[in-house]
Amino acid sequence: MSVSAQLGKDKLLEAYRMMRTIREFEERLHVEFATGEIPGFVHLYAGEEASAVGTMLHLNDADYVATTHRGHGHCIAKGVDVRGMMAEIYGRKTGVCHGKGGSMHIADLSKGMLGANGIVGAGGPLVCGAALAAKQKKTGGVGVCFFGDGASNQGVIFESMNLASVWRLPVIFVAENNGYAEATSSTYSVATDNIADRASGFGMPGVIVDGFDFFAVHEALGEAIERARGGGGPTLVEVKFSRYFGHFEGDAQTYRAPGEVQKLRDEKDCLKRFEERVVRAEMATSDDLRGIDAKVKTLIDAAVSEAKAAPMPTAEDLLTDVYVSYP
Ligand SMILES: Cc1ncc(C[n+]2csc(CCOP(=O)(O)OP(=O)(O)O)c2C)c(N)n1
Ligand SMILES: [Mg+2]
């Protein structure tokens, strides 16, 4: 039976809804950031949606995820409230972190989202800790560490992979190889042909997957997550794809070839490929998907207007959320 048939119509529509939500969220932020109303740095995930959604469909709230500076997609796919995220990015009091974190520090522990992170590679130890806790407490939970091709060269990622392997932790390392670390090509900065090749040095399986293909990601991550849950230890999955926008909003992208992104959008786009496949398999109709598009657009419109109208944190708010309080 094909993977799409195994997933069933409800799950397929859910996958599409999440990927479309991420795309719409990011495309809208691209427009809104240019108005100057959004503080700080914003790194967009558009083009990479299949990785977040293909992974997160296998997870529940007891599973932990650490994301990166490019974290909106992972947060949305892990179930963090989209309106609260938008308000957070606008620095508003109604944001998921009360406007104190912004784009690069969105976190929601109630959803197992350990947080976006401005420190490249910093998710590795966090996920090892969360996975160790899950293992000791026997919750059945796993930890997923997303990191980029640039982060793959950080020592902290090597240390985390080694630790996860020697302690047989339920961790999945997802190397999102989008071809660039800022303006540096991964063909220049990564010494091996594939990041996944490094897995053998840490005694774990290494898998390469086409990141434009939701079904390929979903299948590879399903196996890795099942293995981790079953006590089989960590896996390194390298997802190969590209981003549609610059490293950060405002990046002139002089390091990219003319037409590079348009070609990706035309020929490889994960949403288009998803639609072609499910419609061909008669698992959903284009009308089903257009209905989802309309609902997602309404949600993002509402999220942006609510965020713009929401209050800023006050000076007094500076003194709250500083320390953890235990009941
Ligand atoms: C420890 C550390 N070093 C450097 C930086 C500056 N920096 C921010 S993002 C980035 C590139 C990361 O590239 P990659 O891991 O491929 O992720 P991508 O941006 O492509 O998603 C760098 C070098 C940082 N934030 N933290
Ligand atoms: Mg990269």
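The values are calculated or read from the model by the stated rules, or taken from the named source; none is laboratory data. The structure presented is a predicted model; accordingly, all values stated were derived computationally and were not measured. With ideal geometry, Cβ positions are generated from the backbone for all residues, glycine too; neighbour counts draw on all protein chains shown.
Quick test of your reading of the structure: Val209 fulfils all but one of (1) within 16 Å of ligand 2 (Cβ to nearest atom); (2) under 25 Å from Tyr64 (Cα atoms); (3) touching a residue at least 40 places away in the same chain (Cβ under 8 Å). Name the failing condition by number.
Result: Val209 fails condition (3) only.
Give me the pairs: first residue in the stretch 139-163 and at pLDDT 95 or above, second residue more than 16 Å from ligand 2 (Cβ to nearest atom) and part of a loop (DSSP other than H, G, I, E, B), beta-carbon distance under 6 Å, and six or more apart or on different chains, which are they?
Within 6 Å, the pairs are Thr139/Ala62; Gly141/Ala62; Gly141/Asp63; Val142/Asp63; Val142/Pro170.
Yes or no: the stretch 189-198 includes at least one residue that is within 15 Å of ligand 1 (Cβ to nearest atom), under 23 Å from Asp266 (Cβ atoms), at pLDDT 95 or above and of a type outside the set (Asp, Glu).
No, because not a single residue in the stretch 189-198 is within 15 Å of ligand 1 (Cβ to nearest atom), under 23 Å from Asp266 (Cβ atoms), at pLDDT 95 or above and of a type outside the set (Asp, Glu).
Could you say which residue among Ala133, Ala122, Ala87 is farther than 22 Å from Gly54 by Cα, surrounded by 20 or more Cβ atoms within 10 Å (Cβ to Cβ), among the hydrophobic types (A, V, I, L, M, F, W, C) and over 17 Å from the mean Cα position of the chain (by Cα)?
Ala87
Considering only the stretch 227-323, give the helices (runs of 4 or more DSSP H) lying wholly within it that have at least 1 residues that are more than 16 Å from ligand 1 (Cβ to nearest atom) and in contact with a Lys or Arg (Cβ under 8 Å, 6 or more places away or on another chain).
Result: 270-280, 286-309.
Can you list the helices (runs of 4 or more DSSP H) lying wholly within the stretch 61-165 that have 3 or more residues being farther than 24 Å from Ala302 by Cβ and not acidic (Asp, Glu)?
Qualifying helices (runs of 4 or more DSSP H): 123-137.
What's the number of the condition Ala183 fails, among (1) buried (at least 24 other Cβ atoms within 10 Å of the Cβ); (2) of a type in the set (A, V, I, L, M, F, W, C); (3) in contact (Cβ under 8 Å) with a residue 60 or more places away in the chain?
(1)
Being out of contact with any helix residue (DSSP H, G or I) (no Cβ under 9 Å at 6 or more places or on another chain), farther than 17 Å from Ile157 by Cβ and touching a residue at least 12 places away in the same chain (Cβ under 8 Å) is the filter here; which residues of the stretch 105-131 pass it?
Scanning the stretch 105-131 gives a single hit, Ser110.
Consider the stretch 166-197. How many of its residues are more than 14 Å from Gly123 (Cα to Cα), more than 11 Å from ligand 2 (Cβ to nearest atom) and either touching a strand residue (DSSP E or B) at 6+ places or on another chain (Cβ under 9 Å) or outside any helix (DSSP H, G or I) (or both)?
Of the residues in the stretch 166-197, 10 are more than 14 Å from Gly123 (Cα to Cα), more than 11 Å from ligand 2 (Cβ to nearest atom) and either touching a strand residue (DSSP E or B) at 6+ places or on another chain (Cβ under 9 Å) or outside any helix (DSSP H, G or I) (or both).
Can you tell which of Lys268, Lys272 is surrounded by 15 or more Cβ atoms within 10 Å (Cβ to Cβ) and without any contact (Cβ under 8 Å) to a residue 60 or more places away in the chain?
From the options Lys268, Lys272, the qualifying one is Lys268.
Name the single residue, out of those in the stretch 148-160 being among the hydrophobic types (A, V, I, L, M, F, W, C) and surrounded by fewer than 24 Cβ atoms within 10 Å (Cβ to Cβ), that is nearest to Leu236 (Cα to Cα).
Applying the filter and picking the extreme gives Phe158.
Thr21 passes all but one of (1) under 30 Å from Pro125 (Cα atoms); (2) modelled with pLDDT under 95; which number fails?
Of everything listed in (1) under 30 Å from Pro125 (Cα atoms); (2) modelled with pLDDT under 95, Thr21 misses just condition (2).
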